[in-house]
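Throughout, read-outs are computed from the coordinates displayed, never taken from laboratory work. Not measured: the values here are computed from a predicted model. In this analysis, Cβ positions are derived from the backbone assuming ideal geometry, glycine residues included, and neighbour counts consider all displayed protein chains.
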Amino acid sequence: MRKIARVLFLSLALFTLPSAAFAWAETGHMLISLIAYQRLNPTAKARVDTLTKTIRFAGKTYDGTTLGVWMDDIKADSMHDDMRVWHYIDIPIFDGVPVDPAFKYDDENVVARIKWATETLRKGTGSDKHDAELLGYLFHLVGDVHQPLHSATRVTAKNPKGDAGGNGFKLAGVPDNLHWYWDDAAGAFNFWSPQRPLNDRDRRLLEDFARALTAEFPADKNPEWQETDPGKWAQESHVLAATVAYTLPENSTPTDEYNARARAIARKRITLAGYRLAQIINSIYPEIKPGE
């Protein structure tokens with residue numbers, strides 16, 4: 001009964017917790033990883049476990065829950081600066097200015113890198129170390145492309161080259177810009193960020209949050225998770241950026257109505273990302289049954 005009560009509480013918390021500094025790069029990415037990991041077939045799960053054990057960075061180790069944050073961890077190493085453009089795709093939203101058909105986003109982007117990592121991992125590199133890195137890219141980038149402001153940049157007279165996915169869109173208070181606000185899932189998880197290495201309590205909390213998310217957005221009632229094209233995932237995010245994310249005034253404080261809508265979208269995008277990530281990994285490592 002206590003477990004049921006805890007899940008019900010957390011499910012309600014997804015709707016009611018106030019804004020306070022977790023980042024999609026921590027709790028959100030861990031939830032995506034966990035939701036995906038729990039949906040892997042036995043063959044895929046075993047392969048993910050084997051590969052993940054080979055990944056290390058700055059004394060950190062990773063598993064099926066924390067693998068999604070590895071790619072953000074390595075940002076601390078300047079040797080990986082060339083990967084920064086892998087995390088997003090700047091599809092323009094022209095606001096108050098004429099559409100510029102010459103505006104072009106970087107060919108190196110989150111969609112291109114998801115496709116590259118998937119195709120390369122499907123073929124295999126012959127090296128567990130390299131396969132593990134590709135897996136780490138997928139676990140992170142599939143999450144990134146589902147964040148609306150990772151697939152948009154607002155082009156205005158003030159920002160003719162775009163606002164870098166809302167980084168140049170200022171808000172009052174903290175978070176102080178729109179991108180940060182959405183990276184923080186609008187406070188959907190009270191900005192909670194577990195410490196690493198994960199302790200038993202934080203693992204249970206992540207599991208409870210993941211359970212609440214999949215109960216709120218069950219796969220059988222959200223068939224769009226079966227969409228396999230990363231380009232379409234980016235377009236989904238872009239539409240949400242245009243129709244929801246950018247609908248508040250600059251230098252304002254998000255209203256309760258805006259917060260509620262943004263949190264609901266963040267919860268669903270995180271859940272869909274988990275389902276879709278599992279679908280990719282299961283397709284790369286289909287289940288092998290005894291005797292086959």
query: In the stretch 182-292, with Lys and Arg counted as +1 and Asp and Glu as -1 at Cβ, which of these residues, Pro249, Leu198, Ala266, has the Cα nearest the positive end of the dipole, that is, farthest along it?
result: Leu198
- prompt: Could you put Val142, Val174, Val155 in order, starting from the residue whose Cβ has the fewest other Cβ atoms within 10 Å?
  reply: Val174, Val155, Val142
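Quick one: of Lys170/Lys268; Lys53/Lys129; Lys75/Lys161; Lys104/Lys161, which pairs are farther than 21 Å apart, Cα to Cα?
Among Lys170/Lys268; Lys53/Lys129; Lys75/Lys161; Lys104/Lys161, the Cα-Cα distance tops 21 Å for Lys170/Lys268; Lys75/Lys161.
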task: Name the residues whose placed amide hydrogens come within less than 5 Å of the amide hydrogen of Gly166, ignoring near sequence neighbours (fewer than 5 apart) on the same chain.
output: Arg154
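Quick one: dipole size for the chain, taken about the Cα centre, charges +1 on Lys/Arg Cβ and -1 on Asp/Glu Cβ, in debye to the nearest 20.
Values: 35 positive and 38 negative charges, 174 e Å.
My answer is approximately 840 debye.
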